[in-house]
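Scroll down for the structure; my scribbles are underneath it.
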Amino acid sequence: MKKVLMSALAITAITFSACAQKLDAAKVPAAVKAAFAKQYPGINAKWELEDGKYEAGFKQNGFDMSVLYESNGTMTESEMDIKVADLPANVQSYVKEHYKGKNIKEGAKITKADGTVNYEAEVDGKDLIFDASGKFIKEVKD
């Protein structure tokens, strides 16, 4: 029984460390905060640490947004929540064909640092990633 309990605690600890962790703004590197302030002046963000990158979550023009930064302040990508209806038509078709009876819960537009645009559709607890034209790229579990 003791081994089972220890295993369960270890799995729980690993799970929590793999997920995004809320972060006090004081612990965000100055280079990251400076890059964010330059890109989004006057915006207050909630910070998280996600897979070693710093994520700023905020609202802008009524949209939920997030931006990921390396510790040196280099932006790697931004994400903006969009209406499901605003996803490319190919995304809608793909979900209807491959996830019969399931609905897209949320949509997002992801813009990489190099300008590459991807779309994300949350379906059945999974994030489906598509290119700018709506061609399926991969599935990521939440």
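The values are calculated or read from the model by the stated rules, or taken from the named source; none is laboratory data. The structure presented is a predicted model; accordingly, all values stated were derived computationally and were not measured. Cβ coordinates were reconstructed from backbone atoms using ideal geometry, including for glycine residues, and neighbour counts include every protein chain displayed.
Consider D64 carefully, then state whether it is within 19 Å of K141 (Cα to Cα), in a strand (DSSP E or B) and within 19 Å of the chain's Cα centre (by Cα).
no
When you check A121 against the structure, is it modelled with pLDDT of 95 or more and assigned to a strand (DSSP E or B), yes or no?
The answer is yes for A121.
Would a scan of segment 78-95 turn up a residue that is in contact with a Ser or Thr (Cβ under 7 Å, 6 or more places away or on another chain), crowded, with 16+ Cβ neighbours inside 10 Å, under 19 Å from K141 (Cβ atoms) and at pLDDT 95 or above?
Scanning segment 78-95, I find at least one residue that is in contact with a Ser or Thr (Cβ under 7 Å, 6 or more places away or on another chain), crowded, with 16+ Cβ neighbours inside 10 Å, under 19 Å from K141 (Cβ atoms) and at pLDDT 95 or above, so the answer is yes.
Give me the pairs, please: first residue somewhere in segment 85-112 and more than 29 Å from T74 (Cα to Cα), second residue anywhere and part of a helix (DSSP H, G or I) and modelled with pLDDT under 95, beta-carbon distance under 8 Å, and either six or more positions apart or on two chains.
Qualifying pairs under 8 Å: I104/Q92.
Taking segment 52-77 only, how many residues are under 19 Å from A31 (Cβ atoms) and either crowded, with 16+ Cβ neighbours inside 10 Å or touching a strand residue (DSSP E or B) at 6+ places or on another chain (Cβ under 9 Å) (or both)?
Adding up the residues that qualify gives 16.
So G101 fits all but one of (1) under 30 Å from K27 (Cα atoms); (2) part of a loop (DSSP other than H, G, I, E, B); what number is the exception?
Of everything listed in (1) under 30 Å from K27 (Cα atoms); (2) part of a loop (DSSP other than H, G, I, E, B), G101 misses just condition (1).
Run F136 past the list (1) modelled with pLDDT under 95; (2) farther than 30 Å from G73 by Cβ and report the number of the one that doesn't hold.
Only one criterion is unmet by F136, namely (1).
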